[in-house]
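Here's the structure we're looking at; comments come further down.
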Amino acid sequence: MQVCGGKRIAAFASYHCISSHLESERVRLPFPERIPVQYAVSFAALLCIAQLVEGTTATFSLCSFFFIIVATLAFNLAGGLTRASGGYVFFYAVLAVIVGLFWKVVLGEPGNSNLTQPVVTIEGALGCIIAMYFAVFVSRKLTRKRAFLGDVVKPGDMFRAAIGCLVFGLAILLAVLVLPRQQGSVLSALNQVNQFLPLAIILGTIAQIRKSGGKSSLSLPALLAGTIVFTFGLISFSKQGMFTPPLCWLIAAASQRYRISLYQFAGFAFAIFLMGHYLVPYSQYGRNYQADTFFGNVPIAASLLSRPEYVRQQAEQQVAESNEEEQSGYFNTSEGLFDRLQMISPDDAIINVTQDNGPIGLAPIVLEFENVIPHFLWPGKPVIEIGNMYAHEIGSIAPDDHSTGISFSPLGEAYHTEGWLGIFGLAPALWIVLFVVFDSLCGDVRKDPWGLLAIILFAHEAPEGMLGGIFYMLVYGAIGIIFAAITAGYLMPILGALFVGEKRSGLRRNLAVRSIPRRLPPVRSPQNPGQ
């Protein structure tokens, strides 16, 4: 019995030792300022060779190779993820093109399969990233050296600012849901620029990392803000809402080079897997039953969430039937989240229409510019869904459907409007303005957090916002970040102090030195008796 008990004790001690070792093993989250070109060349070469082995044409494979190389050069030139422009380049290149090409190789499918215009599509993508490199090069010459929003919030006020953003963002969200709202009203304008909850996650995470000396990253304001955004994403069937909280935490923590343990990494990876496996199909399937009001969605969401596996199977069957009828999927079978992490197939569909009918001109660009004009400046402004118009052109929705929209990358719309002139003329002109504005506003995101909020917005707009997303970011995105930065720097610390109180300084005041009674006189030097 003693031997058996000794073995149990030894086994427990061994497990505890291994567990402690794994917990102590921490790695810094990557926040690259640049990607080594040799790594990019190696990855691109392996991908190209794998494509050729699997039957991809040489032209398509070589264009894929050069796309990755030029994307890396553009990312490095922009300053990597330390600048908002680098975030735009990263999310466009990765989420619009590279992930789709990589997953095709994993599945063993030729990269040019299931595309109507594979050569024009991949050549257009290569031309698009070359134009983006040019836009980064020019914008670097025009960008303000000292950011307009630099040093707006003091490091000591960051935690209270996060609390203020949480309270203010939640108040706006509840007001939009409860109070009657008209187009052009003050409440509608606040809702358009309401970025306070994502900012609360970012500020709360950075403040906690700095406060704890890198030992922890979760703070109560960030946790509450993330829960609210995630819950509203669930109820409204919004993938962007559900994925925004983990993305905000990840980018904020990475910007501080936070050291994450193996357990934390495994838990985060498992959570993302569950979200991709269950919540992405849930979001897609739930929109078929979406109610007219937010509160009407609550029982629907609760019912669907109670049967996650059934919902996932139904959503995959729906996507498979749609792909079989329309031949619109890039992969041979439904791939869940990976179907959304590529814009090659929708861009190919709109490029095919352009090849058949020719470019349609700048009318959609004018309409998208008009769409961002506020209603109080243009009462009765008509709102035209450009994505819905393009969806009708490619025949992916019913003729009487005037609400469903299809997302395309900037490549698809640039080529559809002006062909190659749109790729090498229109698109880089808009990107130059976008990069100059946001890099001049936000500066280095490691120092000031506002650029992190811009990168979060670019994660959606860069791969699937078309060119119209640039207009949206230049108006509502920029105003939202300016408004959030100024209020977070000057108003939110005061609001946060009302909830947590003023933080007392850790320094003690110097006490005045008083004379000591009956103090002995100082010893006088015998050489200088007068001193």
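Numbers below:
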{"read-out": "Test for T244: is it buried (at least 22 other Cβ atoms within 10 Å of the Cβ), closer than 30 Å to K447 by Cα and in contact (Cβ under 8 Å) with a residue 60 or more places away in the chain", "value": "yes"}
{"read-out": "Any helices (runs of 4 or more DSSP H) falling wholly within segment 257-319 and containing at least 3 residues that are under 23 Å from the mean Cα position of the chain (by Cα) and surrounded by 13 or more Cβ atoms within 10 Å (Cβ to Cβ)", "value": "262-274, 280-286"}
{"read-out": "Positions within segment 386-395 being surrounded by fewer than 18 Cβ atoms within 10 Å (Cβ to Cβ) and touching a helix residue (DSSP H, G or I) at 6+ places or on another chain (Cβ under 8 Å), in sequence order", "value": "M389, E393, G395"}
{"read-out": "Residue match in segment 193-203 (condition: polar (S, T, N, Q) and at pLDDT below 90)", "value": "yes"}
{"read-out": "Failed condition for A175, given (1) within 25 Å of the chain's Cα centre (by Cα); (2) over 22 Å from W249 (Cβ atoms); (3) among the aliphatic types (A, V, I, L, M); (4) modelled with pLDDT of 85 or more", "value": "(1)"}
{"read-out": "Elements of type helices (runs of 4 or more DSSP H) contained in segment 456-531, each with 2 or more residues being at pLDDT 90 or above and within 22 Å of I386 (Cα to Cα)", "value": "468-472"}
{"read-out": "Check on V138, in contact with a helix residue (DSSP H, G or I) (Cβ under 8 Å, 6 or more places away or on another chain) and more than 30 Å from A96 (Cα to Cα)", "value": "no"}
{"read-out": "Flag for T116 being surrounded by fewer than 19 Cβ atoms within 10 Å (Cβ to Cβ) and either in contact with a Leu (Cβ under 7 Å, 6 or more places away or on another chain) or over 26 Å from L203 (Cβ atoms) (or both)", "value": "yes"}
{"read-out": "Residue satisfying all of: in segment 215-232; in a helix (DSSP H, G or I) and in contact (Cβ under 8 Å) with a residue 40 or more places away in the chain; nearest to A302 (Cα to Cα) among these", "value": "F232"}
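Yes/no per residue for (1) at pLDDT 95 or above; (2) buried (at least 19 other Cβ atoms within 10 Å of the Cβ):
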residue	(1), (2)
D400	no, no
T404	no, no
L411	yes, yes
I423	yes, yes
A427	yes, yes
V433	yes, no
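Residue-wise test of (1) touching a His at 6+ places or on another chain (Cβ under 6 Å); (2) under 21 Å from V445 (Cβ atoms); (3) small (G, A, S).
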residue: M132; (1), (2), (3): no, yes, no
residue: G150; (1), (2), (3): no, yes, yes
residue: A161; (1), (2), (3): no, yes, yes
residue: L173; (1), (2), (3): no, no, no
residue: L179; (1), (2), (3): no, no, no
residue: R210; (1), (2), (3): no, yes, no
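The values are calculated or read from the model by the stated rules, or taken from the named source; none is laboratory data. Keep in mind the model is a prediction, meaning the values are calculated, not measured. Glycine also receives a Cβ, built like all others from the backbone with ideal geometry; neighbour counts cover every protein chain displayed.
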